[in-house]
Amino acid sequence: MTSNFTTQKEISLPSIIDIENLGLDAGAHLLIKHGLCGVSVGGEILVSGSAPGWEAQLAAWCRAQGHPLTFTDGKAHIIRSDIHAGRWRGATQTGHADLLQTGAVHEHALPCYGLAARGATVEAGAPEFAFRLNQKHEVWTDSAADLYAQAVAAQWNPELAIDWNAPFELADEVEDAVAQVMTYMIENENAALVVPARFLGQMHPHFREVQAVLAIQVADEARHIDVFTRRLRLHGREPALSTAGGQASLKTLLDEPDFSVAGFLLSVLGEGTFVSLLNFLHEHGPDPVTRQICRLAARDEARHVAFGMAHLLRRLEHEPEFRSRLAQAVETRNDTLSATAGLNEEVFDALILLAAGEFTPAAIATGYARVQTLMTDMAEGRLARLLRLGFEGKTAQRLAALHTRNFM
């Protein structure tokens, strides 16, 4: 009985840490921190030492860390405090994540989180950061991490994935048509790069998975612009025509301030339509380089559409009334562009020629029919995505028909 009592008493005695002649300015604090980790909050450790001035150094360190300290008989008595007290009190005072929820994503990312890793304990007094997109419902989708992983795995190197030296020779008119289509593709991809890049800088890093998706979308578009430009110049051509109507259509995307609405117009409607166009060029492109480029770009664009859909499906599930805001955006954009010419006539003619393959009445008729099929495929794709987002049938048909004639 006495033996058990003695053992219990020995276990409850404070731990003693002798830092010997090691000063806190030379690393002794690591020994003390290690000792504190061995006791619970409110527990005590004893520290002894022989380095000159170690008591003053220890007192300053304990004040900074928020641990109560007393000296008795040449030994320091340190009481372990809660990490969220003193220096680290800021996080709990501002709604820090439950420590049991590893990596928890907050509904509202507070300014005091700043650039800290999600779940980190932020020191009191850290600067606040004003990120405009700090609400989870404004940006989030649960599939963002998976979409990013897929995008990373699907990245391609233009030098290796495309056979730039593939032999081919096109008639001048056909090569000119390729240059016109590539010119059109480049300006649209410029918009598709700028829009996510603009929101990327406005988004709180707390939503890092969405940031990662946007960042890789920007990288995708930069690569597309590069390969379209290289194909355009492959046989000595310069960029062709860019219309006021096309520029006006793209400007409406850049002017949209709402992240969800911009994603709806750009990714769900515009890039969704572009997937059809790229697949068309992959099938009917007049040379192997054009076909390779468009196949790879279509795969990237399909991922962008998938992210836009996933985000909107989540937002509409929690906020079904937001659907009317999306419909209004389509109508407003249509009204804004009503006086413009829409799709560059030269682009439309170029697509017919590429699908025809030669200058004969029969071939041109075939090319025209193929472009009409493309237009139908684009409209059906828009309609299917609108229906999936929960728009009622007639409303979905009307909105699909109102989408800009410039495709994007």
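Derivation of every value follows stated rules applied to the coordinates shown; laboratory data play no part. Computed from a prediction, not measured in an experiment: that's the story for all the values here. Heads up, the Cβs are rebuilt from the backbone with ideal geometry, glycines too, and the neighbour counts pull from every protein chain shown.
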Say R0 is 56 Å: what FRET efficiency, to the nearest 0.05, do ASP258 and ILE16 get from their beta-carbon distance?
0.35
For the chain, state the semi-axes of the equivalent ellipsoid (square roots of 5 times the eigenvalues of the alpha-carbon gyration tensor), sorted largest first and rounded to whole angstrom.
63, 24, 17
Once the dipole of the chain is set up with Lys and Arg at +1 and Asp and Glu at -1 on Cβ about the Cα centre, which of GLY43, VAL305, ALA350 lies farthest towards its positive end?
GLY43
In nm, spacing of pseudo-spin labels at ALA339 and ARG233 (7 Å Cα→C-beta vector):
3.7 nm
Per the rule of 0.36 nm per residue minus the C-alpha distance, extending PHE359 to GLU321 adds in nm 8.5 nm
Over the residues of the stretch 208-293, compute the C-alpha Rg and express it relative to 2.2 N^0.38 Å.
1.27
Which FRET efficiency value, to the nearest 0.05, do you get for GLU55 and ALA120 by plugging their Cβ-Cβ distance into 1/(1 + (r/R0)^6) with R0 = 30 Å?
0.40
Post the alpha-carbon centroid distance, the stretch 201-226 to the stretch 271-344, in whole angstrom.
17 Å
Run the quick spin-label model on LEU313 and ALA384: label points 7 Å from Cα toward the beta carbon, then report their separation in nm to one decimal.
1.4 nm
What does the charge count around LEU22 come to, taking other residues whose C-beta lies under 15 Å from its C-beta (Lys +1, Arg +1, Asp -1, Glu -1)?
-3
Counting only other residues whose beta carbon sits under 11 Å from that of LEU31, what net charge do I get with K and R as +1, D and E as -1?
-1
Environment charge of GLY245, counting only residues whose C-beta is closer than 11 Å and scoring Lys/Arg +1, Asp/Glu -1:
+1
What helix-only [θ] at 222 nm does the chain give? Using -39500 (n - 2.57) per DSSP H run of at least 4, over all residues, to the nearest 500, the answer is -18500 deg cm²/dmol
Compute the length gained on full extension between ASP226 and HIS108: take 0.36 nm times their separation in residues and subtract their Cα-Cα distance, giving the result in nm to one decimal.
38.7 nm
Under a plain spin-label model, where a point goes 7 Å from the Cα along Cα-to-Cβ, how far apart in nm are ALA166 and GLN372?
3.0 nm
How many percent of Cα pairs in the stretch 97-237 exceed 24 Å?
49 percent
